[in-house]
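**Q** This is the structure I want to talk about, given as structure tokens.
The values are calculated or read from the model by the stated rules, or taken from the named source; none is laboratory data. In this text, all values refer to a predicted model and were calculated from it rather than measured experimentally. All Cβ positions, even for glycine, are placed from backbone atoms using ideal geometry, and neighbour counts span all protein chains on display. Side chains are part of the model used for accessible areas, which takes the heavy atoms of the whole protein and leaves out ligands, DNA and RNA. Shrake-Rupley method; radii C 1.70, N 1.55, O 1.52, S 1.80 Å.
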Amino acid sequence: MQRSLVGSEMCIRDRYYTLEVAGVTRQLPIMQVAEHLCIASFVILGDCELVTKAAPLLEKKLPEVDYIVTAEAKGIPLVNELCRLRNLPYYIVARKSVKPYMSHPLTDEVVSITTQKAQTLCLDGKDAMLLKGKRVAIVDDVISTGESLLAIERLVEKAGGDIVARAAILAEGDAAKRVDIVFLEPLPLFPV
């Protein structure tokens, strides 16, 4: 059993945070991600109910866009649903590594709260060309420290895209105080 102090409680794998978002309730396991930090683990991969109920609410908060960009992988089902709702035929995924099929990829490094190590995000050159001069929304499942968001912003800017929105289902910790993002619900952090 993984333990560390969280205030006067223990950060234990069998503890949960109750999240209510878009009319859906989920019990999120509280997981330690760093020596002094636990998070409520929010994973939308495979959660069709949550994605299909949250996407229309988030879609209403977005301005008109030409493309939606997300990081691989947890934001993909949300972005897919947002594009379906907006009748956008194509979305762009910043991949976590350069793939052999990519032509002239753009890259940027990031350390996020969940990976805890340097990671490369990249756009295929053909995707980067699509973004030039276009209105772009950057969307993810959760915005926390904002490091992944900043890396994607740098990629979109390198490609010549105009970032008109930053959005997520949840804003974690201090991200909930940001005025430059749209989100549906806040999610607390659990300092140790």
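**Q** If I ask for residues that are touching a helix residue (DSSP H, G or I) at 6+ places or on another chain (Cβ under 7 Å) and buried (at least 21 other Cβ atoms within 10 Å of the Cβ), which ones from the stretch 169-182 would you list?
**A** Scanning the stretch 169-182 gives a single hit, I169.
**Q** If A151 meets every condition in (1) small (G, A, S); (2) assigned to a helix (DSSP H, G or I); (3) modelled with pLDDT of 95 or more apart from one, which number is that one?
**A** Here A151 clears every test but (3).
**Q** Among the residues of the stretch 48-107, how many are charged (D, E, K, R), within 21 Å of Q119 (Cα to Cα) and either modelled with pLDDT of 95 or more or part of a loop (DSSP other than H, G, I, E, B) (or both)?
**A** Just the residues of the stretch 48-107 that are charged (D, E, K, R), to begin with: 49, 53, 59-61, 64, 66, 72, 74, 81, 84, 86, 95-96, 99.
After this cut, where a residue has to be within 21 Å of Q119 (Cα to Cα) as well, the list is 72, 74, 95-96, 99.
Subset that is either modelled with pLDDT of 95 or more or part of a loop (DSSP other than H, G, I, E, B) (or both): 72, 74, 96, 99.
Final tally of qualifying residues: 4.
**Q** Does Y101 satisfy the criteria of being among the aromatic types (F, W, Y), over 20 Å from G173 (Cα atoms) and open to solvent by less than 80 Å² (accessible area, probe 1.4 Å)? Walk me through how you get there before you give the answer.
**A** Details: among the aromatic types (F, W, Y): yes; over 20 Å from G173 (Cα atoms): yes; open to solvent by less than 80 Å² (accessible area, probe 1.4 Å): no.
In short, no.
**Q** Out of the stretch 113-126, which residues are closer than 12 Å to I152 by Cα and either assigned to a loop (DSSP other than H, G, I, E, B) or at pLDDT 90 or above (or both)?
**A** Those that are closer than 12 Å to I152 by Cα and either assigned to a loop (DSSP other than H, G, I, E, B) or at pLDDT 90 or above (or both): L121, C122, L123.
**Q** So, one more: For I44, are the conditions met, namely being in contact (Cβ under 8 Å) with a residue 24 or more places away in the chain, closer than 24 Å to F190 by Cα and among the β-branched types (V, I, T)?
**A** Numbers: in contact (Cβ under 8 Å) with a residue 24 or more places away in the chain: yes; closer than 24 Å to F190 by Cα: yes; among the β-branched types (V, I, T): yes.
Criteria met by I44.
**Q** Taking the stretch 127-148 as the region of interest, how many residues are at pLDDT below 90, surrounded by 18 or more Cβ atoms within 10 Å (Cβ to Cβ) and part of a loop (DSSP other than H, G, I, E, B)?
**A** Total meeting the criteria: 1.
**Q** Moving on. I'd like to check something: does the stretch 25-34 contain any residue that is modelled with pLDDT of 95 or more, outside any loop (DSSP other than H, G, I, E, B) and in contact with a helix residue (DSSP H, G or I) (Cβ under 9 Å, 6 or more places away or on another chain)?
**A** Yes, the stretch 25-34 has at least one match.
To keep it simple, each residue is scored yes or no on (1) surrounded by fewer than 13 Cβ atoms within 10 Å (Cβ to Cβ); (2) of a type in the set (V, I, T); (3) touching a residue at least 40 places away in the same chain (Cβ under 8 Å); (4) at positive phi.
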position	(1), (2), (3), (4)
Y16	no, no, no, no
E35	yes, no, yes, no
L62	no, no, yes, no
K74	no, no, yes, no
